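What follows is a single structure, written as structure tokens, with notes after it.
Only the coordinates and a few stated rules stand behind these numbers; no lab work does. Predicted model only: the values in this text are computed from it and were never measured. Glycine gets a Cβ as well: all are built from the backbone with ideal geometry, and neighbour counts include every protein chain shown.
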Amino acid sequence: MTFITHDVLIVGAGAAGLTLALELARRKLPFRLIEKLEHPFAGSRGKGIQPRTQEIFEDLGVIDRLVAAGGLYPPPRAYREDGTFEDSPSATATDARPGEPYNLPLMVPQFLTERVLRERLRELGHAPEFACELTAFEQDDDGVTARLAGPRGDEVLRVRYLVGADGGRSFVRRALGIGFEGKTLGVRAVVADLLLHGLGRDAWHRFNDGSMERQMSLCPLAGTELFQLQAPVPMQGEVAVTAAALNDMVASRTGRADIVIDEVRWASVYEMNARLADRYRVGRALLIGDAAHTHPPTGGQGLNTSIQDACNLAWKLAAVLRGAPASLLDTYEEERRPIAAEMLGMATRLLREASQGPMRRGREVKQLDISHAGSSLALDRCAGGRAVAAGDRAPDALCRGAGGLPRRLFELFRGTHWTLLCHGPLDAASAPPARAGLHRHVVGETGDILDVHGEFRAHYGVEPGDWVLVRPDGYIGAMLTSGDAIALETFLGAVGLGVSAPTPARCRPGA
Ligand SMILES: Cc1cc2nc3c(=O)[nH]c(=O)nc-3n(C[C@H](O)[C@H](O)[C@H](O)COP(=O)(O)OP(=O)(O)OC[C@H]3O[C@@H](n4cnc5c(N)ncnc54)[C@H](O)[C@@H]3O)c2cc1C
């Protein structure tokens with residue numbers, strides 16, 4: 001008989017698996033994170049970190065390290081046939097709305113992002129186990145039995161939950177028999193990280209925009225001395241990715257002999273797909289990231305969507321492991337699958353645009369307007385007309401603590417807890433009792449947080465007596481009034497925060 005030794009097995013240490021591991025590590029839940037590669041992935045592919053993901057990285061304590069590791073995008077430079085060119089303006093924060101501290105996409109090559117996440121994980125006492133592959137698993141009512149092949153040989157592991165963060169070709173998804181509907185988009189492309197000379201690092205160089213036969217982009221990768229080459233290639237036949245072969249491609253598509261590739265550090269040829277898993281969960285096995293959805297890279301959404309899947313799942317998994325109803329896990333698919341479906345549509349539309357001319361990426365790629373309004377978890381008891389509703393992303397606001405120092409709401413949210421913002425004054429009789437996992441703040445003249453700039457009122461549209469309950473993943477769980485104490489208590493009970501919530505379930509052999 002195999003005993004349960006860990007709550008969760010995370011399969012795959014890409015961006016999704018690493019983020020889930022960080023979220024579980026900071027909740028002090030026992031887990032294992034396995035990765036079949038012998039060494040960390042070396043390619044730059046998902047290099048765009050969108051503003052919503054930057055907010056998550058602030059919460060995880062890595063945003064400043066990531067900004068320092070990467071940088072902003074340079075202006076796109078479109079070359080004409082005669083060699084002249086035109087620069088488009090760099091992205092600016094023109095559509096920034098109040099309460100959005102991050103508004104520009106950040107460029108960090110994926111191998112650097114993953115390195116920063118691994119370093120943070122180390123600080124929390126964990127690390128991915130490389131060269132360790134999931135080869136089989138089965139589940140029953142109490143847990144999942146997984147077979148691993150690793151450096152120590154074969155191993156059988158028993159866990160409460162298994163999460164497949166194992167990428168587009170997901171073994172976990174296939175083993176669960178989950179369909180992956182969608183289509184191949186009839187576009188094959190090469191992506192490569194290069195050392196080259198002949199081009200400046202002050203622009204994202206783009207040649208033959210709109211031609212799927214001759215298009216090519218060379219983007220200086222922030223934080224490195226590399227350029228990322230991206231170019232469509234014919235659907236059939238071998239594509240060589242040596243320096244000599246790519247030099248031939250560069251010369252024929254740019255008409256220039258002065259751009260010379262000195263070294264290819266990493267390269268991949270891939271077919272673009274838009275596919276979505278039919279289900280995100282079967283019993284005790286769940287999917288996150290590319291295992292659940294694959295997008296063309298045009299919208300810069302895949303890595304970001306994967307990281308946000310992990311954040312949505314992590315707090316629900318932790319709550320269920322600590323005694324919340326298992327049905328809470330159903331809301332993971334309920335909330336995240338429609339978002340992935342929308343992203344697939346957007347990325348596919350952008351790919352179509354790219355085949356006709358320059359793409360127009362709008363505000364939607366920033367992922368700041370993602371909302372779970374309408375989710376069975378969103379409780380809204382306030383009259384309409386508020387600036388935000390239950391299910392929406394909780395905006396930031398600059399306030400002042402009663403102690404006199406500046407306080408951003410995002411600082412109050414940072415961590416694994418829920419946050420109840422009571423727009424004061426607070427009637428002691430209706431206030432929910434204090435409990436583990438819930439931080440309560442009274443915002444108002446007699447509260448611990450002073451809305452000195454009026455930003456809280458403006459960004460949330462709240463009236464005195466309104467309460468805003470913010471989830472650990474930064475979305476608004478409930479909008480209520482001080483008269484709704486009973487509804488609040490019921491809600492908190494359903495997410496594992498009832499006043500008589502069970503004590504944390506630790507890992508007990510045989511339990
Ligand atoms: C050219 C290109 C450009 C892109 N640009 C962007 C962009 O700008 N922005 C963006 O958001 N996204 C972008 N993406 C997409 C992004 O790279 C992916 O969405 C992201 O890597 C998904 O992360 P993941 O952790 O889900 O999966 P992956 O990164 O694929 O990680 C899965 C891991 O699981 C491991 N694994 C698989 N099977 C097993 C097993 N049985 N046992 C153990 N381990 C296993 C794999 O080795 C792998 O390391 C781009 C992709 C490409 C190709």
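The table below gives the values:
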read-out: Full-stretch length increase - VAL499, THR184 - with 0.36 nm per residue and alpha-carbon distance subtracted; value: 108.4 nm
read-out: Relative contact order of the chain, defined on C-alpha pairs under 8 angstrom at six or more residues apart (%); value: 16 percent
read-out: Segments 256-263, 290-297, 113-120 sorted - mean Cβ within 10 Å per residue, highest first; value: 290-297, 113-120, 256-263
read-out: Sparsely packed trypsin sites (Lys or Arg not before Pro) within the range 122-179, loop by DSSP, other Cβ within 10 Å at most 16; value: ARG152, ARG169
read-out: Span-like helix ranges in the chain, DSSP H, alpha carbon extent 27 angstrom or more, Kyte mean at least 0.0; value: 302-321
read-out: Taking HIS39, HIS441, HIS372 and counting other C-beta atoms within 10 Å, the order from fewest to most; value: HIS39, HIS441, HIS372
read-out: Relative frequency of Cα-Cα separations exceeding 44 Å in the chain, percent; value: 19 percent
read-out: Zero-based 10 Å bins, Cα pair distances in the range 183-272, whole percents; value: 17, 54, 26, 3
read-out: Pairwise centroid distance, computed over Cα atoms, of the range 30-91 with the range 186-207, Å; value: 15 Å
read-out: 15 Å Cα-Cα reach of LYS28 towards aspartates and glutamates, excluding residues that sit fewer than 8 places from it in its own chain; value: ASP7, GLU123
read-out: Cubic angstrom per residue, convex hull over Cα atoms of the range 379-494; value: 96 Å³
read-out: Residues TRP204, TRP467, TRP266, sorted so that the one with the fewest Cβ neighbours within 10 Å comes first; value: TRP266, TRP204, TRP467
read-out: Order of GLU58, GLU86, GLU489 - criterion: other Cβ atoms within 10 Å of each residue's Cβ, fewest first; value: GLU86, GLU489, GLU58
read-out: 30 Å Cα-Cα reach of LYS183 towards lysines, excluding residues that sit fewer than 8 places from it in its own chain; value: LYS36, LYS47, LYS366
read-out: Selection of trypsin sites (Lys or Arg not before Pro), the range 1-77, meeting DSSP coil and at most 14 other Cβ within 10 Å; value: LYS28
read-out: Cβ-derived FRET efficiency at R0 30 Å, ARG169 paired with ASP82, nearest 0.05; value: 0.10
read-out: Sparse-neighbourhood loop sites, GluC sites (Glu not before Pro) in the range 177-258 - DSSP loop, at most 15 other Cβ within 10 angstrom; value: GLU213, GLU225, GLU238
read-out: Alpha-carbon centroids, the range 256-329 and the range 165-180: separation in whole Å; value: 12 Å
read-out: Principal axis dimensions, largest first and in whole angstrom, of the range 151-194 by Cα; value: 41, 33, 15
read-out: Separation of alpha-carbon centers, the range 347-399 and the range 142-158, rounded to whole Å; value: 40 Å
read-out: Long-range HN-HN contacts of GLU133 with modeled amide H, under 5 Å; value: ALA149, GLY150
